[in-house]
Amino acid sequence: MPQTKEKTTAKIMDGFTKEICLEWYQQMMMMRRFEEKAGQMYGQQKIRGFCHLYIGQEAVVAGMMTAIKKGDKVITAYRDHAHAIAMGITPREVMAELYGKSTGCSKGKGGSMHMFSKEHGFFGGHGIVGAQIPMGAGIAFAEKYKGTDNIAICFMGDGAVRQGALHETFTMAMLWELPVIFVCENNKYGMGTAVERTTNVPYLYKIASAYDMPAAQVDGMDCLAVHNAFAEAADRARNEKIPTFLEINTYRYKGHSMSDPAKYRSKEEVEEFRHRDPIDAIANIIKQKDFATEEELTKIEDDIKLVVEDSVKFAEESPYPDASEIYKDIYTQADYPYLMD
Amino acid sequence: MSERIIAFRDALKEAISEEMRLDENIFIMGEEVAEYNGAYKVSQGMLDEFGAKRVIDTPIAELGFAGIGVGAAMNGLRPIIEFMTFNFALLAIDQVVNSAAKVHQMSGGQFTCPIVFRGPSGSAGQLGAQHSQMFENWYANVPGLKVISPSNPYDAKGLLKAAIRDNDPIVFMESEVMYGDKGNVPEGEYIIEIGKAEIKKEGTDVTIVSFNKLMKVALQAADELAKEGISAEVIDLRTIRPLDFPCIVNSIKKTNRLVIVEESWPFGSISSEITYQVQKHAFDYLDAPIKRVTGKDVPMGYAPTLVDAYLPTVQDTINAVKSAMYVA
């Protein structure tokens, strides 16, 4: 019977190469600068609708990316820009999607919450809290059915853990031994409601024990800890067909969405997490280990700024979808007789 | 094709089994579909033929297994999700409406969701309020879905095969009280096109439109009316979305009168939309206001008297027709 682990502790740095550390740095800096720009463009009303930024949570996706392999599938909720970019969608296509332009990864039909890439195995961007949990299990179901050794990684926020969909899905994922990792990005607040105000079991990973699902609590401000947790869970999913539930403790520096001033939490709390910033942490390790100089890191950052600027230029210059697109991509049937009046 | 009389449930079973033999990516999942051989025996024998990989019992977790079906469909499989009744599928409606119906559009056409949600809809005797609701109009409201509601074994087989082969998400609605109905289902392969109504009986004085189990009421009313010299044309919608409005409009151009018979509650029902479309496209052809016979505007009660008072009857239909014809 699988045992629930109380805590995953970060393994020592040995074994992690310059290449991986620089990849984390590059990935996280890309997410950070992209999201900062997205926030800025939202302020200028270039980006509309709901927009949820990933700033502060970068180590979760960065740590995952070095622990999974090509062919693995990812699905998440609506805080999805970073997942999309990490999985291989270009910053241009993500920014254009935020702008609602036809060159966006979802042709301007999805927006902030609905990034998709079939080519890169990114199953979206979903807007109903917890709905992506059974879908993630279904993606894993299909991989097992087809006999591949790919796995599915299914992200959710701490709010989603309260949804019945999670409990139904955990039951079937264990019963059917699906190759899936369920990942709760616990950023402490479901919108404005603190986790402790939603449950008498604030250690979310413990919920998995009701299903005999292996689980771990992970420091989400530490790429290495995240990587190790994902590596172990991926191995279990791929080779033993056993799901894992990872509660990754992270923090969003910004509000829930662009309209949220986040008055439900203290400045001290935000500062506490900023002191543990995952990008600063990995930059320090890189410098300590002489993987790169300060100048080389600055060069990486400058290059990323150029990529982000280019993504904005691309989005600005791209056209909106033609109004005729409204009746496209609803059905695969080309001549579906829509009611026009 | 030679005549062969089989039950509605066996027509459905043949449709599913024939398609599963053709395509390894099709599987059926739901409560009691495998070892119990189906709550209504639609999947009788399928576990033996196809094995536990493709005929899958689920826990009672409609939202969960509907969502697993959607995820599997997005990732290359072709699931058939059986709901024991669509009354239970309310627990899963988020996945049907927000995921299955919308993911093709939200992803800019990248992902498809070739899935069939099927099971019985509507009332089935004295089952009380929570097991007796029709849902065709709920799902037919949703762009991205196709909704099918057959009335006989022949149509059930041909339409279910079409549904399974379709690359769009389908809601396929049956009836507990029709599974034992017998009808001609010829040997051999046939497909019925989705979106086409059928004129079951030609007539000249009034058009009666219905679907699913109330087709029996419509046809019986037409027979009774014929004895009184009233010639009713009876249309079986078969598909609810897309609905074959041209078939209805063409019939009204001949009969100039319309009566719609359906089991659902009246507000925002299929008859509501048909009435709008007909006044829009055949206003000048109508010689009388459109009449409808629906379930009463209340939850269905348990007592037999309350069931009878709730459901549309042959006499209700005859009365509606006579009203539309201004005869007493």
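Key figures
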{"quantity": "Meets criteria (surrounded by 12 or more Cβ atoms within 10 Å (Cβ to Cβ), more than 14 Å from chain B (Cβ to nearest Cβ) and either touching a residue at least 40 places away in the same chain (Cβ under 8 Å) or aliphatic (A, V, I, L, M) (or both)) for A:I304", "calculated": "yes"}
{"quantity": "Filter result (surrounded by 12 or more Cβ atoms within 10 Å (Cβ to Cβ), away from chain B (no Cβ under 14 Å) and assigned to a loop (DSSP other than H, G, I, E, B)) within the stretch A:316-341", "calculated": "none"}
{"quantity": "Selection count, the stretch B:291-328, where residues are surrounded by fewer than 21 Cβ atoms within 10 Å (Cβ to Cβ), within 25 Å of the chain's Cα centre (by Cα), hydrophobic (A, V, I, L, M, F, W, C) and assigned to a loop (DSSP other than H, G, I, E, B)", "calculated": "2"}
{"quantity": "Meets criteria (within 14 Å of chain A (Cβ to nearest Cβ) and of a type in the set (S, T, N, Q)) for B:N167", "calculated": "yes"}
{"quantity": "Wholly enclosed strands (runs of 3 or more DSSP E) of the stretch B:224-288 bearing at least 1 residues of a type in the set (K, R) and within 30 Å of B:P169 (Cβ to Cβ)", "calculated": "B:239-241"}
{"quantity": "The stretch B:24-37, residues that are within 12 Å of chain A (Cβ to nearest Cβ), more than 22 Å from the chain's Cα centre (by Cα) and either loosely packed, with under 14 Cβ neighbours inside 10 Å or not polar (S, T, N, Q) (or both)", "calculated": "B:E24"}
{"quantity": "Every residue from the stretch B:199-210 that is free of Cβ contacts under 8 Å to residues at least 40 places away in the same chain and in a loop (DSSP other than H, G, I, E, B)", "calculated": "B:E202"}
{"quantity": "Of the criteria (1) surrounded by fewer than 24 Cβ atoms within 10 Å (Cβ to Cβ); (2) within 26 Å of A:S318 (Cβ to Cβ), which one A:K69 fails", "calculated": "(2)"}
{"quantity": "Tally of residues being surrounded by 24 or more Cβ atoms within 10 Å (Cβ to Cβ), at the interface with chain A (Cβ under 8 Å from one of its Cβ atoms) and assigned to a helix (DSSP H, G or I) across the stretch B:68-100", "calculated": "9"}
{"quantity": "Tally, over the stretch A:112-155, of residues that are of a type in the set (A, V, I, L, M), within 7 Å of chain B (Cβ to nearest Cβ) and farther than 21 Å from A:A234 by Cα", "calculated": "2"}
{"quantity": "B:K196, sole failed condition from (1) within 14 Å of chain A (Cβ to nearest Cβ); (2) in a helix (DSSP H, G or I)", "calculated": "(2)"}
{"quantity": "Meets criteria (basic (K, R), assigned to a loop (DSSP other than H, G, I, E, B) and over 28 Å from A:L224 (Cβ atoms)) for A:K313", "calculated": "no"}
{"quantity": "Residue tally, condition within 12 Å of chain A (Cβ to nearest Cβ) and in contact with a helix residue (DSSP H, G or I) (Cβ under 6 Å, 6 or more places away or on another chain), over the stretch B:134-164", "calculated": "2"}
{"quantity": "Residue list for the stretch A:88-106, restricted to those being closer than 15 Å to A:S311 by Cα and within 8 Å of another protein chain (Cβ to nearest Cβ)", "calculated": "A:G104, A:C105"}
{"quantity": "Residue count, the stretch B:38-61 (criterion: hydrophobic (A, V, I, L, M, F, W, C), more than 14 Å from chain A (Cβ to nearest Cβ) and within 24 Å of the chain's Cα centre (by Cα))", "calculated": "3"}
{"quantity": "In the stretch A:99-130, the residues that are aliphatic (A, V, I, L, M) and touching a helix residue (DSSP H, G or I) at 6+ places or on another chain (Cβ under 6 Å)", "calculated": "A:M115, A:I128, A:V129"}
{"quantity": "Number of the exception - A:S324 against (1) within 30 Å of A:D158 (Cβ to Cβ); (2) of a type in the set (G, A, S); (3) modelled with pLDDT of 95 or more", "calculated": "(1)"}
{"quantity": "Per-region count, the stretch A:163-211, residues among the β-branched types (V, I, T) and within 22 Å of A:R238 (Cα to Cα)", "calculated": "5"}
{"quantity": "Cross-chain or 6+ apart pairs with Cβ under 6 Å, the stretch A:55-69 first and free of Cβ contacts under 8 Å to residues at least 60 places away in the same chain, then surrounded by fewer than 23 Cβ atoms within 10 Å (Cβ to Cβ)", "calculated": "A:V61/A:A86; A:M65/A:A86"}
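For (1) of a type in the set (G, A, S); (2) modelled with pLDDT of 95 or more; (3) buried (at least 19 other Cβ atoms within 10 Å of the Cβ), each residue gets a yes or a no:
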{"residue": "B:E224", "(1), (2), (3)": "no, yes, no"}
{"residue": "B:E228", "(1), (2), (3)": "no, yes, no"}
{"residue": "B:I240", "(1), (2), (3)": "no, yes, yes"}
{"residue": "B:I260", "(1), (2), (3)": "no, yes, yes"}
{"residue": "B:F267", "(1), (2), (3)": "no, yes, no"}
{"residue": "B:S271", "(1), (2), (3)": "yes, yes, yes"}
{"residue": "B:V278", "(1), (2), (3)": "no, yes, yes"}
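Results for (1) on the phi > 0 side of the Ramachandran plot; (2) at pLDDT below 95; (3) of a type outside the set (A, V, I, L, M); (4) over 14 Å from the mean Cα position of the chain (by Cα), shown as yes or no for each residue.
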{"residue": "A:A77", "(1), (2), (3), (4)": "no, no, no, no"}
{"residue": "A:A82", "(1), (2), (3), (4)": "no, no, no, no"}
{"residue": "A:P91", "(1), (2), (3), (4)": "no, no, yes, yes"}
{"residue": "A:G100", "(1), (2), (3), (4)": "yes, no, yes, yes"}
{"residue": "A:G104", "(1), (2), (3), (4)": "no, no, yes, yes"}
{"residue": "A:G108", "(1), (2), (3), (4)": "yes, no, yes, yes"}
{"residue": "A:G111", "(1), (2), (3), (4)": "yes, no, yes, yes"}
{"residue": "A:A142", "(1), (2), (3), (4)": "no, no, no, yes"}
{"residue": "A:K146", "(1), (2), (3), (4)": "no, no, yes, yes"}
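The values are calculated or read from the model by the stated rules, or taken from the named source; none is laboratory data. Just so you know, these numbers come straight off a predicted model, no measurement behind them. Cβ coordinates were reconstructed from backbone atoms using ideal geometry, including for glycine residues, and neighbour counts include every protein chain displayed.
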